[in-house]
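> Have a look at this one before I ask anything.
The values are calculated or read from the model by the stated rules, or taken from the named source; none is laboratory data. If you're wondering where the values come from, they're calculated on a predicted model, not measured in any experiment. Cβ: placed from backbone, ideal geometry, glycine included. Neighbour counts: every protein chain shown.
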Amino acid sequence: MSTQNEKELYQRIDEVLHYLWDPIGVSGIPLARDEYHSYVPQVVALLNENANMQQIAGYLNEVVTKQMGLRENADATLHVVAVLQDWKATLKAG
């Protein structure tokens with residue numbers, strides 16, 4: 001994957017986490033746009049390591065339950081992971 005595609009993947013992951021994953025419900029708050037930035041590098045790493053859906057969902061669910069103290073939503077998280085994997089595949093193909 002080119003450097004430009006890697007940058008775009010990073011940006012797309014950030015957007016997916018903010019607008020789709022959004023476990024604390026801040027996607028409509030402009031000042032909270034950076035709320036999930038700290039999780040992006042680990043998701044990028046997992047995608048680049050070709051982690052499977054369960055591994056990526058496990059990381060996101062761990063963040064939700066252990067760091068945020070919330071209940072996981074397994075179905076929603078798997079949907080988010082599918083979107084993340086689609087972005088990676090799209091950018092890799094392009």
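> Regarding Ala93, is this residue out of contact with any Phe, Trp or Tyr (no Cβ under 9 Å at 6 or more places or on another chain) and among the aliphatic types (A, V, I, L, M)?
Values: out of contact with any Phe, Trp or Tyr (no Cβ under 9 Å at 6 or more places or on another chain): yes; among the aliphatic types (A, V, I, L, M): yes.
Criteria met by Ala93.
> In segment 31-52, which residues are surrounded by fewer than 16 Cβ atoms within 10 Å (Cβ to Cβ) and in a loop (DSSP other than H, G, I, E, B)?
Arg33, Asp34, Glu49, Asn50, Asn52
> Right, next: With Val80, Val16, Val40, Val26 as the choices, which residue is in contact with a helix residue (DSSP H, G or I) (Cβ under 6 Å, 6 or more places away or on another chain) and free of Cβ contacts under 8 Å to residues at least 12 places away in the same chain? Spell out how you get there, then give the answer.
Working: Val80 fails: free of Cβ contacts under 8 Å to residues at least 12 places away in the same chain; Val16 fails: free of Cβ contacts under 8 Å to residues at least 12 places away in the same chain; Val40 fails: free of Cβ contacts under 8 Å to residues at least 12 places away in the same chain.
None of the others qualify; the one that does is Val26.
> Then there is this: If a residue must be assigned to a loop (DSSP other than H, G, I, E, B) and surrounded by 14 or more Cβ atoms within 10 Å (Cβ to Cβ), how many such residues does segment 2-25 contain?
Within segment 2-25, residues that are assigned to a loop (DSSP other than H, G, I, E, B) and surrounded by 14 or more Cβ atoms within 10 Å (Cβ to Cβ) number 2.
> Would you confirm, using the coordinates I've provided, whether Asp86 is under 18 Å from Tyr10 (Cα atoms), modelled with pLDDT of 95 or more and outside any helix (DSSP H, G or I)?
Criteria not met by Asp86.
> Among the residues that make up segment 59-70, is at least one of them closer than 20 Å to Asn5 by Cβ, modelled with pLDDT of 95 or more and among the aliphatic types (A, V, I, L, M)?
Looking for residues that are closer than 20 Å to Asn5 by Cβ, modelled with pLDDT of 95 or more and among the aliphatic types (A, V, I, L, M), one finds none in segment 59-70, hence no.
> Here are some conditions: (1) outside any helix (DSSP H, G or I); (2) within 14 Å of the chain's Cα centre (by Cα); (3) surrounded by fewer than 17 Cβ atoms within 10 Å (Cβ to Cβ). Gly28 meets all but one. Which one does it not meet?
Of everything listed in (1) outside any helix (DSSP H, G or I); (2) within 14 Å of the chain's Cα centre (by Cα); (3) surrounded by fewer than 17 Cβ atoms within 10 Å (Cβ to Cβ), Gly28 misses just condition (2).
> Okay, moving on. Scanning for something buried (at least 16 other Cβ atoms within 10 Å of the Cβ), in a helix (DSSP H, G or I), without any contact (Cβ under 8 Å) to a residue 40 or more places away in the chain and touching a helix residue (DSSP H, G or I) at 6+ places or on another chain (Cβ under 9 Å), does segment 67-75 turn up at least one residue?
no
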